[in-house]
1. Roughly how many whole Å is it from the C-alpha centroid of the range 50-81 to that of the range 370-393?
2. When only DSSP loop residues count, what trypsin sites (Lys or Arg not before Pro) in the range 377-432 have their Cβ near at most 15 other Cβ atoms within 10 Å?
3. Could you pull the accessible area for V401 with a 1.4 Å probe, rounded to 10 Å²?
4. Could you point to the residue in A275, A72, V361 farthest towards the positive end of the chain's charge dipole, with +1 and -1 charges on the Cβ of Lys/Arg and Asp/Glu respectively?
5. Where does each of 51-57, 132-138, 279-285, 370-376 land if you order them by average Cβ count within 10 Å, highest first?
6. Between the range 84-138 and the range 270-312, what is the C-alpha centre distance in whole Å?
7. How do H395, H230 rank by accessible surface area computed with a 1.4 Å probe, from largest to smallest?
8. In terms of the Cα gyration tensor, with a ≥ b ≥ c the square roots of its eigenvalues, is the range 136-514 rounded because a/c is under 1.5, prolate because a/b exceeds b/c, or oblate?
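The values are calculated or read from the model by the stated rules, or taken from the named source; none is laboratory data. This one's a predicted model, so the numbers in the text were calculated from it and none came from an experiment. Because the Cβ atoms are built from the backbone with ideal geometry, glycine has one as well, and the counts that use them run over all protein chains shown. Calculation scope for accessible area: heavy atoms of the full protein, side chains included, ligands and nucleic acids excluded. Shrake-Rupley method; radii C 1.70, N 1.55, O 1.52, S 1.80 Å.
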Amino acid sequence: MGLVAAPALVGCVNPGRRWPDGEPFSLGVASGSPSADGFVLWTRLAPVPLSADPAAPGGMTGPAVPVAYEIAADPAMRQIERRGTAVAEPAFAYSVHAEIAGLAPGRPYWYRFTSGDAASRVGRAMTLPAPGGGVDRLRLAVASCANYEQGYFAAYRHMADEAPDLAVFLGDYIYEYVDKRSGATVRRHSDGVETATLPTYRNRYAQYRLDPDLQRLHAEVPALVTWDDHEVQNDYADRWSQTFDDPTRFLQRRAAAYQAYYEHMPLRPSRSLPAGPTMRLYDRFSFGPLAELTLLDGRQYRSRQACYRKPDKGGGHLENDATCAERRDPARTMLGRAQEDWLYDGLAASRARWNVIAQDVMMARLIQRGADGMLGQWTDSWGGYPANRDRLLRHIRDTRVANPVVLSGDIHSYWANDLKQNFDDPRGATVATEFIATSISALPPPYDAFVELLPLNPHVRYFESRLRGYMTVDIAAKRMTTRFRAISDPKDPKAPISTLKSFVVEDGRPGAAPA
Ligand code: FE
Ligand code: CA
């Protein structure tokens, strides 16, 4: 990480502050949550990024620290458009979330932070187009499931190389557990413990952000983020842990996890400041007449997994109508009432040609075969919440949402799926298209076993689990092109990239077609 001289500002903020213990911008910078006139700029002061002292997160103690920022029209930071000061609060691990407004719409900006004699690297930010204003194209790079222990982040490096407009993170950005299996891992979570407290979640995020590929991606590409389960605990649902923890105690853990997530993401304090165990994450972003992107939160408000009380494990498992009538209960929810209403209001109001819904887990029905041969559906994905899925797809159909496309993660494999109002009728109308990105590095589900399921799931147009990577989504007026990008080997930090498969969705014609 280069130390860049920052001549103009060093004099006005914290003139005497020196950083003898280490580089304060060790975790890099990020931008995100763009609006038509601004964005959030993020950093976190951490001269000792993996500090084991819970009273000194990142090696920091003492009162709030002012941090100066500069925003420029050019990457060389010559044409400065804005200077300001944000505050790194001790209560939020000395993270900075500077909400910027009043800038010009539809263009890139560059920025850096300074504090005393230290300066951050330069990052890129963007503003959304003005309402009614236009962009002809939008390029997203979409990631999920980055298990630090199970692979290097070469996929993140290639995402940065592609210089998309935005990087979209669909969850499992960290993994809370420690993989004890020998041979499954290439590197270790630094503290060797499952994250459960604020200091351990903080250090987990810090360790991930020390990865040079992820750090560079965040500096160079603005981010949109939502979470899945591993940001808290595998397969949790609202206040329910897979380990049957007391819900009150589990909510304390969730509060720590959500706070650490907030502290490390370019989220707006005005929208997402955590309050105890709750945090507003769902949001939408408009790209003028071309596209609207909705980010959903599939964890915080969901009903507990149906028929959860197996002898030894909560969370997801296979169920069918004979073993579990509860799965079909229309009162069960994936999104929670408030988020679901907000989603429908937004979709109904959208005038965009492409309406992208980015969220954590697989939406298409997937009939699976258990070890005993029983056919069932996995209760942790939308298959455990079929009434909510039916409502959503019916709403999309009935309100004639233009070109609905769902982007999902979680399942560590590539999928292209037709979303049906009635999955029992494979010839029936396709309501929307789903693309699922494989994992950045997390280990896959068994390929052969899943291939055997495909005849049971004719709405699946493509499946591949043997490769790690991400997907790019190029949106233009007449078509959307999705490329499944694959690295050669997650055990190789320098792994090259290639395109495994490409699909197009034509304007007005839901369903994935091979490109
Ligand atoms: Fe995952
Ligand atoms: Ca997951």
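1. Cα centroid of the range 50-81 versus Cα centroid of the range 370-393: 45 Å apart.
2. Working: sites: R389, R391, R394, R397, R400, K420, R427; in loops: R400, R427.
Of the trypsin sites (Lys or Arg not before Pro), the ones in loops of the range 377-432 whose Cβ has at most 15 other Cβ atoms within 10 Å are R400, R427.
3. Per-residue accessible area (V401): approximately 20 Å².
4. A72
5. Working: 51-57: 15.3, 132-138: 13.3, 279-285: 20.0, 370-376: 11.1.
Listed from highest to lowest mean packing, they are 279-285, 51-57, 132-138, 370-376.
6. The range 84-138 and the range 270-312 have Cα centres spaced 24 Å from each other.
7. Highest to lowest solvent-accessible surface, that is H395, H230.
8. Numbers: a/c = 1.24, a/b = 1.08, b/c = 1.15.
Here the range 136-514 falls in the rounded category.
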